[in-house]
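I have placed the structure first, in the form of structure tokens, so that the comments after it can refer back to it.
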Amino acid sequence: MTLPFSSSLDESEHPLEGQDNRKFRFRGVLKIADPNWLSDFGIKIVETEINLRAKQHGLRLGEGARSRIPLLTLDYLFQRHLTKSHDATHKDGEMRLTVLIQGEENMPAVYMRSSYAPSGLLWSSKLSDNRKYKIATMDVESYSRSENFFWRWRLFVLMEKICKLYPHDSPRQRTPRWFVERYLARLACPSEDRHRRLIFDEEDSDMNEAGRTETPRHLLKPHMSEILGLFAAQAEWFITNNAVKREALFDIGSWDSFAKEVRRQRKEAARQGVKWGRPAGQEAEPLSSEEDDQGTRIGSTGWSGKIQ
């Protein structure tokens, strides 16, 4: 489903503090490949709308054309008309009936953590059967305004993966530094990427039939401060989101201390003209005189010199 939000996924998440009584309505374009996707009630609604449009079209064409328009059903459209219509053909060769839908959000959007959409976005509507939609595309502006949402859950899924690689380390050991160091050690530059090139010339003599390079590539390893900055940008969310806390991947105490220090370091970095550790869209705040006089640095949590 294509989902054009009027707001963003950042706004639809529960606030960091307090009770959330907000309601979010959504509108999207659902492309139906099989009438069985719809309930009997849904089929009746769609068929009623289709026949209304056919009737209006017949009125524009005149009495003769109107009398020749049969009563349309979804089965009839899929078996006869859609199989002959180029406009209804999807790139995978299947047929689609495009329907505009809208509703009210039932549960928070799920990204990369659902069996229905293991690598994508899942949205639930507030209906009796808790209907779920796999979101294929989003409105460009809404997508750009949802950058924090996507980064938060990418990082959390990454953290789950790291924890599975080190199952014997306890949550108390899993500080921000622990996650960053293990990401750099095991996941930052996977060995299989040394022979993988996403964009290449098919006539390149260095590429084999499987699309892999014969010559090993020299991968650019990210700096520790870059990865730390990604965690720092969402530090407050990690210690306040209930879904994250239920998983108990890490000890809240060390992350709470990290979040407090990050807030000061964001201002310190901004004073030096550096954007570091800030969520997308957040403007830099100036250091207060008290903070400016403090000697505390990232080094107090084991990150001395990493921003530089």
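The values are calculated or read from the model by the stated rules, or taken from the named source; none is laboratory data. What you see is a predicted model; the values in this text were computed from it and never measured. In this analysis, Cβ positions are derived from the backbone assuming ideal geometry, glycine residues included, and neighbour counts consider all displayed protein chains.
Screening the stretch 208-279 for helices (runs of 4 or more DSSP H) wholly inside it with 3 or more residues that are among the basic types (K, R) returns the ranges 252-271. Consider L100 carefully, then state whether it is aliphatic (A, V, I, L, M), surrounded by fewer than 14 Cβ atoms within 10 Å (Cβ to Cβ), outside the structural domain of S8 (by TED's automatic domain parsing) and touching a residue at least 12 places away in the same chain (Cβ under 8 Å). When the stated conditions are applied, L100 does not pass them. Applying the condition of being within 20 Å of the chain's Cα centre (by Cα) and not hydrophobic (A, V, I, L, M, F, W, C) to the stretch 228-276 and asking which residue is surrounded by the fewest Cβ atoms within 10 Å (Cβ to Cβ) yields N242. For the stretch 149-157, the count of residues that are touching an Asp or Glu at 6+ places or on another chain (Cβ under 8 Å), within 25 Å of G277 (Cα to Cα) and loosely packed, with under 13 Cβ neighbours inside 10 Å is zero.
Can you give me the number of residues within the stretch 133-148 that are outside any helix (DSSP H, G or I) and surrounded by fewer than 16 Cβ atoms within 10 Å (Cβ to Cβ)?
First, pick out the residues of the stretch 133-148 that are outside any helix (DSSP H, G or I): 133-139, 145-146.
Imposing the further condition that a residue be surrounded by fewer than 16 Cβ atoms within 10 Å (Cβ to Cβ) reduces the set to 134, 136-137.
The number of residues fulfilling the criteria is 3.
Scanning the stretch 149-180 for residues being without any contact (Cβ under 8 Å) to a residue 40 or more places away in the chain, more than 17 Å from V110 (Cβ to Cβ) and either touching a helix residue (DSSP H, G or I) at 6+ places or on another chain (Cβ under 8 Å) or part of a loop (DSSP other than H, G, I, E, B) (or both) gives a total of 7.
All conditions but one from (1) among the aromatic types (F, W, Y); (2) within 30 Å of F258 (Cβ to Cβ); (3) not in a helix (DSSP H, G or I) apply to F200; the one that does not is (2).
Figure legend. Inter-residue proximity from the stretch 240-261: first residues assigned by TED's automatic domain parsing to the domain that holds T175, second residues of a type in the set (G, A, S), beta-carbon distance below 8 Å, spacing 6+ or different chains. Indicated pairs: W255/A235; F258/A232; F258/A235; A259/A235; E261/S300.
In the stretch 183-200, the residues that are of a type in the set (F, W, Y) form Cβ pairs under 8 Å with partners that are surrounded by 12 or more Cβ atoms within 10 Å (Cβ to Cβ), at six or more places apart or across chains, as follows: Y183/L158; Y183/I162; Y183/I227; F200/M207; F200/G211; F200/T213.
Right, R186: surrounded by 12 or more Cβ atoms within 10 Å (Cβ to Cβ), in the same structural domain as W255 (by TED's automatic domain parsing) and either of a type in the set (K, R) or more than 24 Å from the chain's Cα centre (by Cα) (or both) or not? Against the criterion (surrounded by 12 or more Cβ atoms within 10 Å (Cβ to Cβ), in the same structural domain as W255 (by TED's automatic domain parsing) and either of a type in the set (K, R) or more than 24 Å from the chain's Cα centre (by Cα) (or both)), R186 qualifies. Going through (1) modelled with pLDDT under 90; (2) over 28 Å from R113 (Cβ atoms); (3) not small (G, A, S) one by one, R264 falls short only on (1). Within the stretch 1-48, the set of residues being modelled with pLDDT of 80 or more, part of a loop (DSSP other than H, G, I, E, B) and polar (S, T, N, Q) comprises S8, S39.
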